[in-house]
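Worksheet: the structure to be examined is printed underneath.
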Amino acid sequence: MKKNQIFACALFMGTALGACTEDYTDWANPQSNSPEDPASKYEISFAAGADATVDMDQFYESVAEELQATDSVVIASLSSTNPNVASIKLNSININGLAINATVRDGNVKVNTLELDSVVRDAFFSRAHVERVFDVNMNVAAKLKSGEAVNVSGTSQAKLTPISTPAISEGGYVLLGDFTGWDPANPMAMTPVANKEGVYQVTVETTNEASSYFKFYAAYDVNGGWDAANAVQMGCRVNGDTKTENFVVWTGDKYKVETPAIAGAGHFIITLDVVNYTYSVAPATAYLYMAGDVNGWSHVDMLASLEFNNIYTGYMYLNQNGFKFSSEPNWDGTNYGADFNTAPDAANITITEPEGFYQVVVDLNEKTYTLTPVAIGIIGSATPNGWDSDTDMTYSIENRCWTITTDLADGEIKFRANDDWAISWGGTPEQLTTQNGGNIAVTAGKYTINLYPLCEGKAYCEINPVN
């Protein structure tokens, strides 16, 4: 009997403690073993709020400046028609995956207007004056009258139109900076990018190992000095910002125009997008490398970018067994696989063209490459056919060069591709160039000639007498 009394007492105490624990459980953080039910089961509605369409031009016109920082909008509405739901608490909210702060009152989800504008700008990486439709993703804890709490996720939609942006300058855009001497009479012109409205680029060389400052300007009258330049200046929000991708701030914007900077010395491609009002700064390297099955996955094939504009040209033998392009003569830099994917596990690039020797042009701006079949010969007064036609060379896969053994007369020779002058090599044997290189003088005799076209700055040949 005594044992039964002890057991009953213990059972009563356990029940009491269990009830006490339930009373103090934070219902907004349901136990992990509670099932997460769909919104439909508890008839929870994730609806657009009363202010789910926001126009930032109207905002700045209608809200006093001193109130703008604290102004908020009802972006979404939470409710339930299920009689078993006692209340709903917002756990988290994001805009197209980017978190945003929010408060809930009477089911109305409110966010700060300026923060919403900033988050939408980041989500689309654009300041373009176009209506942006975006998802408002929410996770809520629904407290049931039974005391249980369940997590439910849902989405509503909202719209925001950023402030108006300046019209695209008909005269184009220029740069001033440390690398131009900040002389408003001599700005550096940017070049329009083909088939991309409002996108301009320029390659600059910086020598300051720390940072080099610059600003963008719409085309202006260079005779007007700084007054003319400053009237159309563009920059960033934080002075000295070295972000490689950033938003543009313009004269007349809601923010002060500050001066961007480039970190480090070297060649850089600066891209300005005056549709989205963004800019980017990317290192520009002189060479790109190819490693693949055909060369034993060694980075011995090279492509050159004469203008440091991310467009590279080289000459190499390719097969259909795969290769990659690399920014370094090893695997330590950026490596480009299929579709120019730079992930470590990216698939290899494979070609459907026949195995053979090609001129390869890689455009890292457009993420494209083009292949042109190439056959090379010698031509000139010293060759058997003179300047009238080529004497064909053959490609040696083993020696990785174009080669010929032939008799030459006193005179001159050059190399050219596909029996045409569109691509030719001249200069000196140690330093050949495709940029209108001079003729190569030779004396009469029998020679084995080996040509290594490679790329601009690396091409050379060997002219060896045959005894």
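Within segment 383-390, is even one residue assigned to a strand (DSSP E or B) and of a type in the set (Val, Ile, Thr)? No, segment 383-390 contains no residue that is assigned to a strand (DSSP E or B) and of a type in the set (Val, Ile, Thr).
The set of residues in segment 198-230 being among the aliphatic types (A, V, I, L, M) and in a helix (DSSP H, G or I) consists of Val222, Ala228, Ala229.
Got at least one residue in segment 185-194 being in a loop (DSSP other than H, G, I, E, B), within 28 Å of His129 (Cβ to Cβ) and modelled with pLDDT under 95? There is at least one residue in segment 185-194 that is in a loop (DSSP other than H, G, I, E, B), within 28 Å of His129 (Cβ to Cβ) and modelled with pLDDT under 95.
Residue-by-condition table, conditions (1) out of contact with any Cys (no Cβ under 8 Å at 6 or more places or on another chain); (2) more than 30 Å from Ser80 (Cα to Cα); (3) small (Gly, Ala, Ser):
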site: Asp135; (1), (2), (3): yes, no, no
site: Met138; (1), (2), (3): yes, no, no
site: Ser153; (1), (2), (3): yes, no, yes
site: Pro166; (1), (2), (3): yes, yes, no
site: Thr203; (1), (2), (3): yes, yes, no
site: Val222; (1), (2), (3): yes, yes, no
site: Gly235; (1), (2), (3): yes, yes, yes
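Counting only residues that are touching a residue at least 60 places away in the same chain (Cβ under 8 Å), surrounded by 13 or more Cβ atoms within 10 Å (Cβ to Cβ), more than 30 Å from Asp57 (Cα to Cα) and among the charged types (D, E, K, R), how many does segment 158-213 have? So the answer is 0. The numbered conditions (1) of a type in the set (A, V, I, L, M); (2) at pLDDT 95 or above; (3) crowded, with 16+ Cβ neighbours inside 10 Å; (4) within 13 Å of Met138 (Cα to Cα) are all true for Leu98 except (3). Cys461 meets all of the listed conditions (1) closer than 30 Å to Ile269 by Cβ; (2) free of Cβ contacts under 8 Å to residues at least 60 places away in the same chain but one, namely (1).
Among the candidates Thr448, Thr428, which residue alone is touching a residue at least 12 places away in the same chain (Cβ under 8 Å), farther than 26 Å from Leu318 by Cβ, not aromatic (Phe, Trp, Tyr) and not assigned by TED's automatic domain parsing to the domain that holds Val361? Being touching a residue at least 12 places away in the same chain (Cβ under 8 Å), farther than 26 Å from Leu318 by Cβ, not aromatic (Phe, Trp, Tyr) and not assigned by TED's automatic domain parsing to the domain that holds Val361 holds for just one of Thr448, Thr428, which is Thr428. Looking across segment 314-330, the residues that are surrounded by 14 or more Cβ atoms within 10 Å (Cβ to Cβ) and in contact with a His (Cβ under 9 Å, 6 or more places away or on another chain) come down to Ser326, Glu328, Pro329.
Might you check whether a residue that is part of a helix (DSSP H, G or I) and under 20 Å from Leu160 (Cβ atoms) occurs anywhere in segment 96-113? Yes, segment 96-113 has at least one match. Going residue by residue through segment 351-366, is there one that turns out to be small (Gly, Ala, Ser), touching a Cys at 6+ places or on another chain (Cβ under 8 Å) and under 30 Å from Asp390 (Cβ atoms)? So far as segment 351-366 goes, no, none of its residues is small (Gly, Ala, Ser), touching a Cys at 6+ places or on another chain (Cβ under 8 Å) and under 30 Å from Asp390 (Cβ atoms).
Residues in segment 337-347: is at least one among the small types (Gly, Ala, Ser), surrounded by 15 or more Cβ atoms within 10 Å (Cβ to Cβ) and not assigned by TED's automatic domain parsing to the domain that holds Glu205? The answer is yes, given that some residue of segment 337-347 is among the small types (Gly, Ala, Ser), surrounded by 15 or more Cβ atoms within 10 Å (Cβ to Cβ) and not assigned by TED's automatic domain parsing to the domain that holds Glu205. Would you check if Leu364 is under 19 Å from the mean Cα position of the chain (by Cα), hydrophobic (A, V, I, L, M, F, W, C) and either assigned by TED's automatic domain parsing to the domain that holds Val193 or surrounded by 18 or more Cβ atoms within 10 Å (Cβ to Cβ) (or both)? For Leu364, the condition - under 19 Å from the mean Cα position of the chain (by Cα), hydrophobic (A, V, I, L, M, F, W, C) and either assigned by TED's automatic domain parsing to the domain that holds Val193 or surrounded by 18 or more Cβ atoms within 10 Å (Cβ to Cβ) (or both) - is met. State all residues of segment 51-66 that are touching a residue at least 24 places away in the same chain (Cβ under 8 Å) and part of a helix (DSSP H, G or I); if no residue qualifies, say none. Scanning segment 51-66 gives Met56, Asp57, Phe59, Tyr60.
Only residues that are assigned to a strand (DSSP E or B) and either touching a Lys or Arg at 6+ places or on another chain (Cβ under 8 Å) or charged (D, E, K, R) (or both) were counted across segment 143-162, and they come to 5. Look at (1) under 27 Å from Arg121 (Cβ atoms); (2) polar (S, T, N, Q); (3) buried (at least 19 other Cβ atoms within 10 Å of the Cβ) and you find that Ser280 fails only one, number (3). In segment 359-371, the count of residues that are farther than 30 Å from Val204 by Cβ and outside any loop (DSSP other than H, G, I, E, B) is one or more.
The values are calculated or read from the model by the stated rules, or taken from the named source; none is laboratory data. The model shown is predicted, which means the values in this text are computed figures rather than measured ones. Glycine also receives a Cβ, built like all others from the backbone with ideal geometry; neighbour counts cover every protein chain displayed.
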